[in-house]
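A.B. asks: Just dropping this structure here.
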Amino acid sequence: MSDKSPKPQEPDTDLHEDPNEPAFDWMKPKTSSGASAATPATSATPATTATPATGQPESRADRKAAEAADVEAEPPLFADTLAGASTDKQPSHYSEPLPTSALQVRPPEDEVARRNAEREQAAKVKPIGPRIFQVMLAVFYPVILLVLAVRAVTSPLFLWVEYNRPGFPGDGYGFNTDDRMTYGSYAVDYLSNWAGPRYLGGLVNQDGAKLFKDSEVSHMADVKLVILSSFGAGLLLIILSIIAIMYLRKRSNGGVRRGLFAGSIVTLLIIIGLAVLAVLSWQQFFTEFHRIFFANGTWTFSLEDTLIRLFPGQFWVDAGIVIGALVFLAATVTFILTWPTRKRRGLASQQEPEQAETSAKQADEEPEAADIRQEATESRR
């Protein structure tokens, strides 16, 4: 082929010209307006590339944007729930009343008064436990005082005071004060120990004869049974009273004081009544007392018997006076110490908080009243 022969013409292609093919658009940086940075915004080149017939985006970036728009447009799984929650948060002009809105309706005045009366009555009703222990304490207290007074009399100290006091009758059958103190101490000790009848039955006089007859020893055994039983009962009542006091101190404010106060009143009434009977007829009183605890014929002796020589009639009169005086003194002191004064009842301590609350309410009401007066004045103006 010669040089003059015409050369085949190649297609008119410019390698440096941007063919604006969709396949290369994804390589161009995007601007804020969505167009590529390489393509000027005011490009005069007409868009020669048409969209495909299927209506899909021309470039890969456009396809990704369309896919993202489809994902965002897809409703969430719990769209109804979220929509309901959003509507609840919005203010509404109408709200359906709740089922408990009827509780806000105030009942009639009669019903309110009835409920208040029942509430006050229930508050005034006290539990039965403290009352029972108060009654127990009031009943046990006189018996305990009486047992303690008897224990004070059945002691060698009282025996020594009685034998050595002026005016005490002597023994016309030969016992002096020392003999009485010695033999009488045996009799008093026998009443409070655990020895048998031989403790007194084995005693002999200076001439070798038995000091106490069998009838006297038998009577002293009966007296010992009564004395020990009373001491045991008194000890049991003391333990129960301590339990009652501990219970009342925890469960009832002032319960111990009320129980002892009632017990002191009962004790004073009993002692005064017994004292009147003893003064009116001591012999009858002494006889009836022995009939209660001993069988007839077991407690009467002659003037020559050792029990009468050691414990004459004056001894029992003095013993009764001492027992009554001790019980009366203890009950009187208890009565004075447990008298229901305002301070002991706690009324003063209750009035102070009430007065403080009243003053606080008045102080709170004064600013409110001043504000009300000020508002009234401004409204008049």
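The values are calculated or read from the model by the stated rules, or taken from the named source; none is laboratory data. Quick caveat, the model's predicted, so the values are computed rather than measured. As a convention, Cβ positions derive from the backbone with ideal geometry for all residues, glycine included, and neighbour counts pool all protein chains shown. Only protein heavy atoms, including side chains, enter the accessible area calculation; ligands, DNA and RNA are left aside. Shrake-Rupley method; radii C 1.70, N 1.55, O 1.52, S 1.80 Å.
A.B. asks: Hey, what's the stretch 261-341 come to in accessible area per residue, 1.4 Å probe, Å²?
C.D. replies: Per residue, the stretch 261-341 has an accessible area of 58 Å².
A.B. asks: Cα gyration tensor of the stretch 165-236, axes a ≥ b ≥ c as square roots of the eigenvalues: rounded (a/c below 1.5), prolate (a/b > b/c) or oblate?
C.D. replies: oblate
A.B. asks: Something else about it: Given the whole protein assembly as supplied and a 1.4 Å probe, what does the accessible area of ARG151 come to in Å², nearest 10?
C.D. replies: 100 Å²
A.B. asks: Also: Need one number: the % of Cα-Cα pairs in the stretch 215-344 sitting beyond the 19 Å mark.
C.D. replies: Taking all Cα-Cα pairs of the stretch 215-344, the fraction more than 19 Å apart is 64 percent.
A.B. asks: Considering amide H positions built from the backbone, and no H for Pro or chain starts, which residues 5 or more places from LYS210, or on another chain, come under 5 Å of its amide H?
C.D. replies: Under 5 Å from the amide H of LYS210 lie the amide H atoms of ASN205, each far enough along the sequence or on another chain.
A.B. asks: Rounded, prolate or oblate: pick one for the stretch 175-283, where a ≥ b ≥ c are the square roots of the eigenvalues of its C-alpha gyration tensor, a/c under 1.5 means rounded, and failing that, prolate if a/b is larger than b/c, else oblate.
C.D. replies: Because a/c hits 1.5 or more and a/b exceeds b/c, the stretch 175-283 counts as prolate.
A.B. asks: What is the Cα centroid distance between the stretch 266-325 and the stretch 240-255, reported in whole angstrom?
C.D. replies: Here the answer is 36 Å between Cα centres.
A.B. asks: Which distance in nm do the two modelled labels at LYS210 and PHE286 give, with both placed 7 Å along the Cα-to-Cβ direction?
C.D. replies: Once both label points are built, they end up 2.6 nm from each other.
A.B. asks: Quick check: with the 1.4 Å probe, what order do MET246, MET136, MET220 take by accessible area, largest first?
C.D. replies: Result of the area sort, largest leading: MET246, MET136, MET220.
A.B. asks: While we're looking at this one, here's another question. If you roll a 1.4 angstrom probe over the protein chains with everything in place, what fraction of the accessible area of the stretch 209-358 belongs to carbon and sulfur, to the nearest %?
C.D. replies: Answer for the stretch 209-358: carbon and sulfur cover 68 percent of the accessible area.
A.B. asks: Based only on Cα atoms, what Rg/Rh ratio does the stretch 161-206 have, Rh being taken as Kirkwood's radius?
C.D. replies: In the stretch 161-206, Rg relative to Rh is 1.02.
A.B. asks: Tally Lys/Arg at +1 and Asp/Glu at -1 over every other residue whose Cβ is under 14 Å from the Cβ of ARG249; what's the total?
C.D. replies: Net of charged neighbours comes to +4.
A.B. asks: Oh, and also: With every protein chain present, what is the per residue accessible area of the stretch 134-219 (1.4 Å probe, Å²)?
C.D. replies: On a per-residue basis, the stretch 134-219 sits at 55 Å².
A.B. asks: Here's something else I'd like to know. Under a Cβ-Cβ cut-off of 15 Å, what is the net charge of the residues other than ASP318 that fall near it, where Lys and Arg count +1 and Asp and Glu count -1?
C.D. replies: So the environment of ASP318 carries a net charge of +1.
A.B. asks: Kindly give the semi-axes, whole Å and largest first, of the ellipsoid equivalent to the stretch 226-275, taking each as the square root of 5 times a Cα gyration tensor eigenvalue.
C.D. replies: For the stretch 226-275, the ellipsoid semi-axes come out as 23, 19, 4 Å.
A.B. asks: Work through the residues other than MET220 whose Cβ is under 13 Å from its Cβ and net out their charges, Lys, Arg +1 and Asp, Glu -1.
C.D. replies: -2
A.B. asks: What does the accessible area of LYS213 come to, in Å² to the nearest 10, when a probe of 1.4 Å is used?
C.D. replies: Counting only protein heavy atoms, LYS213 exposes about 110 Å² to solvent.
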